[in-house]
């Protein structure tokens, strides 16, 4: 049996809204929403109106659902009336409220336990994202996403789940009749410009052209507003590929075999020419600097463009 009251709490609005949408799908068929759903702006509706809607007899549906999004202030301003409703909720009504914060110490929160359900929405950890993407690809589009492809997508797109889901939607259309979304699809549709631009910066760094590297980096941010979220992944992609290629070179593998094994695309001659001018230790140092840069950006201490320019200067030193 479903609950009479739901509170969906989470800091990330897109994830909270997605959870709200899933819950609404469980409670009401799309055809029932004309008469069974009331979803007002919390700033323009009174609590009395909402409670009256919940107590109104359902028409052409078994239940009447009231959804109040961004309800933090609504709850604070109407706490006592909501407490009284929680004491005796209407059996044919379903109240859904989404909030950023839900204090479990309040009287309202304690009353919720008896009549409803708290759904906490938290962002998945970085290591959980690939599996989430694999599952979403299968469930939403009936296609398979390889683990390596999922990792690459996170690396290039960032860790914001709604953005990643959006990229999967585009990739599914792009893949057309292909049942498996591969790294090639991702590199072609999403990553080509980002990866090409990042390699252009790296190419200038290795060539000792620091001014050119900074200029090209600024061009990345100017041309692609999403670079704030994707720049680290694009650079990490190249440095890791260079690191792995260098390891294989030192093991004596031929370039043609390294190209096949690591799926090196683009100007392969330039890739290996630059690779021959740096050591494995240097690439490791670049990756260490990049990890430190990533941490500084994610903790909000600095803006991505400024910190990446510092990264270029640091690597070039």
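Applying the condition of being closer than 26 Å to residue 313 by Cα and crowded, with 16+ Cβ neighbours inside 10 Å to the stretch 263-277 and asking which residue is nearest to the chain's Cα centre (by Cα) yields 271. Residues of the stretch 278-313 that are under 15 Å from residue 235 (Cβ atoms) and over 29 Å from the mean Cα position of the chain (by Cα): 278, 282, 313. In the stretch 240-262, is there at least one residue being touching a residue at least 60 places away in the same chain (Cβ under 8 Å) and surrounded by 15 or more Cβ atoms within 10 Å (Cβ to Cβ)? No. In the stretch 152-177, the residues that are touching a residue at least 60 places away in the same chain (Cβ under 8 Å) and not assigned by TED's automatic domain parsing to the domain that holds residue 228 form Cβ pairs under 7 Å with partners that are part of a loop (DSSP other than H, G, I, E, B) and surrounded by fewer than 22 Cβ atoms within 10 Å (Cβ to Cβ), at six or more places apart or across chains, as follows: 161/123; 161/124.
Elements of the type helices (runs of 4 or more DSSP H) sitting completely within the stretch 11-117 and holding at least 1 residues that are in contact with a strand residue (DSSP E or B) (Cβ under 6 Å, 6 or more places away or on another chain) and surrounded by 13 or more Cβ atoms within 10 Å (Cβ to Cβ): these cover 13-27, 33-36, 47-55, 72-77, 107-115. Checking the structure you have, find out if any residue of the stretch 214-223 is touching a helix residue (DSSP H, G or I) at 6+ places or on another chain (Cβ under 9 Å), within 17 Å of residue 155 (Cα to Cα), buried (at least 19 other Cβ atoms within 10 Å of the Cβ) and free of Cβ contacts under 8 Å to residues at least 60 places away in the same chain. Scanning the stretch 214-223, I find at least one residue that is touching a helix residue (DSSP H, G or I) at 6+ places or on another chain (Cβ under 9 Å), within 17 Å of residue 155 (Cα to Cα), buried (at least 19 other Cβ atoms within 10 Å of the Cβ) and free of Cβ contacts under 8 Å to residues at least 60 places away in the same chain, so the answer is yes.
Here is a check on your reading of the model: is residue 42 free of Cβ contacts under 8 Å to residues at least 60 places away in the same chain and within 24 Å of residue 15 (Cβ to Cβ)? Explain how you work it out, then say what you get.
On the way: free of Cβ contacts under 8 Å to residues at least 60 places away in the same chain: yes; within 24 Å of residue 15 (Cβ to Cβ): yes.
Spelling it out, residue 42 is indeed free of Cβ contacts under 8 Å to residues at least 60 places away in the same chain and within 24 Å of residue 15 (Cβ to Cβ).
Just checking, which of 299, 293 is within 20 Å of residue 159 (Cβ to Cβ) and surrounded by 16 or more Cβ atoms within 10 Å (Cβ to Cβ)? Walk me through it before giving the result.
On the way: 299 fails: surrounded by 16 or more Cβ atoms within 10 Å (Cβ to Cβ).
Only one candidate passes the filter, namely 293.
The values are calculated or read from the model by the stated rules, or taken from the named source; none is laboratory data. Please read these numbers as outputs of a predicted model, since none were measured by experiment. When we count neighbours, we look across all protein chains shown, and the Cβ atoms used for this are built from the backbone with ideal geometry, even at glycine.
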